[in-house]
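Notes to accompany the following structure.
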Amino acid sequence: MATTPQPLLRVENLTKRYSIRKPFAAKSELTALQNVSLALPAKSTLALVGESGSGKSTLALCIACLERPTSGSIFFHQHDLATLPENQLRQIRPQIQLVFQDPARSLNPRWSALDLIAEPLVIQNWLSASAREKKAFQLLDLVALPRNSAHKLAEQFSGGQKQRLALARALALAPQLLLLDEALSALDCSIQAQIANLLLDLQSQLGLTYLFITHDLAMAAYLSHQIAVMRLGQIVESGPAAQLLQAPQHEATRALLAAAPRFASTSPIPALVDA
């Protein structure tokens, strides 16, 4: 009998609480995540959708090892990231990369494209200087940025080009999992379509796994195999993308569908322009 492959990422009963201290008031707690569980097979995309404040970004920070959960488990290649000591986490972090909504805030505007892409290799002390430069040029090619832009400063790129630059930088350490936190929402529709198609191409070429965090169900439908809907720190509905969108069961999913202008009345699956 064939065995079912283990997911690349498995989150089990994850809870994250923050302590809140206010002057002249008793200490209180904010629960950002409450018993969140999900599984993400390798080389697939899970879209995590929900309104602002639903806990999506907190979950991404926990998976990226930038926040410690209060309780629960995060299994990556069967390693529980929630319990690993810092020296072991440092070895795993390169395999999980986070791409943010606004690349302008994560890219030093006074650094060249080449320097920005190579920086993760410098931090990890990977490769020689000449090999890093060669790798950076290869990554420019991979995200369809011209080689003659290598010495341009980050501030000289357009919004869409900056997001391509952020992707190239995220790919420098050859990660297996990309956490895309609202990575398309700051772009206009035509540029969104271009970057979405680039993400699909990169997944096909490199065998990447994506956790795609968004409030946009239309884009989630286009990019993902599975969708999980979050509300108030919990996953309230999940399943195959087409099935969930055609027959939503939870009011939060129905509200998100109603707010997605790109859904046609006859079909819940949007047709993004090919770019």
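The values are calculated or read from the model by the stated rules, or taken from the named source; none is laboratory data. This structure is a prediction, so every number in the text was calculated from the model and none was measured. Positions of Cβ are backbone-derived with ideal geometry, glycine not excepted, and every protein chain shown enters the neighbour counts.
Scanning region 170-183 for residues that are modelled with pLDDT under 95 and buried (at least 24 other Cβ atoms within 10 Å of the Cβ) returns a single hit, ALA183.
Restricting the search to region 70-79, which residues are under 16 Å from ARG93 (Cβ atoms) and in a loop (DSSP other than H, G, I, E, B)?
Restricting attention to region 70-79, the residues satisfying the condition of being under 16 Å from ARG93 (Cβ atoms) are 74-77, 79.
Scanning region 70-79 gives a single hit, HIS77.
Pairing each residue of region 139-154 that is without any contact (Cβ under 8 Å) to a residue 12 or more places away in the chain and crowded, with 21+ Cβ neighbours inside 10 Å with any residue that is among the aliphatic types (A, V, I, L, M) and part of a strand (DSSP E or B), provided the two are 6+ apart or on different chains, yields no C-beta distance under 8 Å. Which numbered condition in (1) within 30 Å of GLN205 (Cβ to Cβ); (2) without any contact (Cβ under 8 Å) to a residue 24 or more places away in the chain; (3) in a strand (DSSP E or B) is the only one that ALA47 fails? Among (1) within 30 Å of GLN205 (Cβ to Cβ); (2) without any contact (Cβ under 8 Å) to a residue 24 or more places away in the chain; (3) in a strand (DSSP E or B), the lone unmet condition for ALA47 is (2). Figure legend. Inter-residue proximity from region 171-199: first residues closer than 17 Å to ARG105 by Cα, second residues crowded, with 20+ Cβ neighbours inside 10 Å and of a type in the set (Asp, Glu), beta-carbon distance below 9 Å, spacing 6+ or different chains. Indicated pairs: GLU182/ASP216; LEU184/ASP216; SER185/ASP216. Please determine, by comparing only the residues of region 107-132 that are assigned to a loop (DSSP other than H, G, I, E, B) and within 19 Å of PRO146 (Cβ to Cβ), which one is modelled with the lowest pLDDT. So, considering only residues that are assigned to a loop (DSSP other than H, G, I, E, B) and within 19 Å of PRO146 (Cβ to Cβ), the one modelled with the lowest pLDDT is LEU107.
Please enumerate the residues belonging to region 50-67 that are out of contact with any helix residue (DSSP H, G or I) (no Cβ under 6 Å at 6 or more places or on another chain) and in a loop (DSSP other than H, G, I, E, B). Those that are out of contact with any helix residue (DSSP H, G or I) (no Cβ under 6 Å at 6 or more places or on another chain) and in a loop (DSSP other than H, G, I, E, B): GLU51, SER52, GLY53, SER54, GLY55, ALA64, LEU66. For region 46-55, indicate whether the set of residues that are within 19 Å of ALA170 (Cα to Cα), of a type outside the set (A, V, I, L, M) and within 14 Å of the chain's Cα centre (by Cα) is non-empty. So far as region 46-55 goes, no, none of its residues is within 19 Å of ALA170 (Cα to Cα), of a type outside the set (A, V, I, L, M) and within 14 Å of the chain's Cα centre (by Cα). Listed by first and then second residue, the pairs with beta-carbon distance under 7 Å, at least 6 apart or on different chains, first residue in region 11-23 and more than 13 Å from SER37 (Cα to Cα), second of a type in the set (Ser, Thr, Tyr) and surrounded by 12 or more Cβ atoms within 10 Å (Cβ to Cβ), are ARG17/THR31; ARG17/THR70. Put simply, of ILE123, ILE117 the only residue that is without any contact (Cβ under 8 Å) to a residue 40 or more places away in the chain, among the β-branched types (Val, Ile, Thr), out of contact with any strand residue (DSSP E or B) (no Cβ under 7 Å at 6 or more places or on another chain) and closer than 27 Å to SER57 by Cβ is ILE123. Considering region 94-115, and only residues there that are farther than 16 Å from ASP181 by Cβ and within 18 Å of the chain's Cα centre (by Cα), the residue that is surrounded by the fewest Cβ atoms within 10 Å (Cβ to Cβ) turns out to be GLN95. Restricting region 192-212 to residues that are within 14 Å of the chain's Cα centre (by Cα), among the hydrophobic types (A, V, I, L, M, F, W, C) and farther than 23 Å from SER158 by Cβ leaves a set whose member that is surrounded by the fewest Cβ atoms within 10 Å (Cβ to Cβ) is LEU208.
Of all residues in region 13-44, those satisfying the criterion of being closer than 25 Å to SER204 by Cα and part of a loop (DSSP other than H, G, I, E, B) are PRO41, ALA42, LYS43, SER44. For region 79-96, the set of residues classified as out of contact with any helix residue (DSSP H, G or I) (no Cβ under 7 Å at 6 or more places or on another chain) and touching a residue at least 24 places away in the same chain (Cβ under 8 Å) consists of ALA82, LEU89, ILE92, ARG93, PRO94, GLN95, listed by residue number.
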